[in-house]
Amino acid sequence: MAYTCIETKTDDRVFIITLNRPKALNALNLQLMDELTDALKKGDKDPQIGAMIITGSEKAFAAGADIKEMADKSYMDAYKNDFITANWEQAAKCRKPVIAAVAGYALGGGCELAMMCDFIIAADNAKFGQPEISIGAIPGAGGTQRLTRFIGKSKAMEMCLTGRMMNADEAERCGLVSRIVPVADLMQDALETARKIAGFSAPSVMMCKEAVNRSYETSLAEGMLFERRTFHSVFATEDQKEGMAAFIEKRKPGFKNA
Ligand code: CAA
């Protein structure tokens, strides 16, 4: 698939996807989401890739779903095509880690896309929000659900009901983002983080991600059991033997992703 709304590049074992509709502040139209889905699937399948980054520009990660594209949709269009989620969830479905590197606006679907990623590194100029209420709509790709799990009911309710934006400091304080970095350092920082993850054993990285995600879907007792059984399974990997032997022998491990 040829891409017109995103750019992709590989840096070592890191796959970087840059949203690229600058004139529309990276508004997420169907074409962009098809391309993003395609790219994420490719990165997830490629054995040379260990982690992925989704980013935008300094001005906007993404200013939401494309309002111009959806303004005239009928209920039947939306319902029959399961608009928006059917085509939007790939970032959350990947088995390899996906980092959102967010500068500028992450609004509506942009905030929702960032939250589908495994964690968010924010530039100091990042602004998050779910402004759909101000255009006669509500969040449609997880804003009412994921934001509430990230930051709690009171703040999520306020954000969704008022449509106000939060800055990077507030986003870090309430647990929406993992870290804030100066905007000029965002990509370098995200890349170093992704490289670090991609340098570990790929099976343990995937298992670890799966176990953390499980905590959102289940009770503590079931989650603990899932974690323990998954932990047991690392003893079937060559990389566990290598990783622990390397520690004992005081050398760097040579993981084989096996
Ligand atoms: N959809 C389509 N076009 C958009 C857009 C969007 N979400 N956001 C910005 N644009 C376009 C603008 O229409 C404008 O295009 P033109 O030059 O052709 O007029 C261009 O991008 C630049 O935008 P502004 O001139 O508005 O830039 P600004 O710096 O003055 O303001 C902003 C920036 C505050 C982000 C403002 O653009 C804005 O409020 N955008 C809409 C945000 C929004 O409501 N997002 C939610 C969308 S609904 C959704 O996402 C549903 C869901 O849950 C999935």
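The values are calculated or read from the model by the stated rules, or taken from the named source; none is laboratory data. None of these values were measured; they are calculated from a predicted model. Every residue, glycine as well, gets a Cβ built from its backbone with ideal geometry; the counts of neighbours run over all protein chains shown. Accessible surface is based on the protein model in full, side chains and every heavy atom, while ligands, DNA and RNA are left aside. Shrake-Rupley method; radii C 1.70, N 1.55, O 1.52, S 1.80 Å.
In vacuum, with every alpha carbon of the stretch 80-177 counted as one equal point scatterer, what does the Debye formula give for log10 I(q)/I(0) at q = 0.19, 0.20, 0.25 Å⁻¹? Two decimals, please. Rounded to two decimals, the profile gives -0.87, -0.96, -1.42.
Solvent-accessible surface (1.4 Å probe) assigned to Arg251 amounts to roughly 100 Å². If R0 is taken as 41 Å, the Cβ-Cβ distance between Ala221 and Asn81 corresponds to a FRET efficiency of 0.55.
Here the stretch 146-258 is treated as a Stokes sphere of Kirkwood radius computed over C-alpha pairs; at 20 °C and 1.002 mPa s its diffusion coefficient rounds to 124 µm²/s. Given Met224, Ala65, Ala123, which one lies farthest toward the positive end of the charge dipole of the chain, if we put +1 on the Cβ of every Lys and Arg and -1 on the Cβ of every Asp and Glu? Of the listed residues, the answer is Met224. For GluC sites (Glu not before Pro), the sites in the stretch 153-252 that DSSP calls loop and that have at most 10 other Cβ atoms within 10 Å are Glu217, Glu249. With all protein chains kept in place, the per residue accessible area of the stretch 30-110 amounts to 46 square angstrom at a probe of 1.4 angstrom.
A Stokes-Einstein calculation at 25 °C with viscosity 0.890 mPa s, built on the Kirkwood radius of the chain over Cα pairs, returns a diffusion coefficient of 128 µm²/s.
Residues whose amide H falls under 5 Å from that of Asn29, counting only those 5 or more places apart or on a different chain, are Asp66, with hydrogens built in the peptide plane. Carbon-plus-sulfur accessible fraction, the stretch 1-115 (probe radius 1.4 Å, protein heavy atoms only): 50%. Within the accessible area of the stretch 153-258, what % is carbon and sulfur when the probe is 1.4 Å and the other protein chains stay in place? The value for the stretch 153-258 is 60 percent carbon and sulfur by accessible area.
Residue order by solvent-accessible surface for Tyr79, Tyr216 is Tyr79, Tyr216, largest first, with ligands and nucleic acids left out and a 1.4 Å probe.
When you restrict to C-alpha pairs under 8 Å that are six or more residues apart and normalise by the size of the stretch 1-156, the relative contact order lands at 20 percent. Using every pair of distinct Cα positions in the stretch 1-117, the Kirkwood expression returns a hydrodynamic radius of 14.3 angstrom.
Taking 12 Å as the straight-line reach from the Cα of Lys93, the aspartates and glutamates in range (excluding those fewer than 8 positions away in the same chain) are Asp44, Asp118, Glu210.
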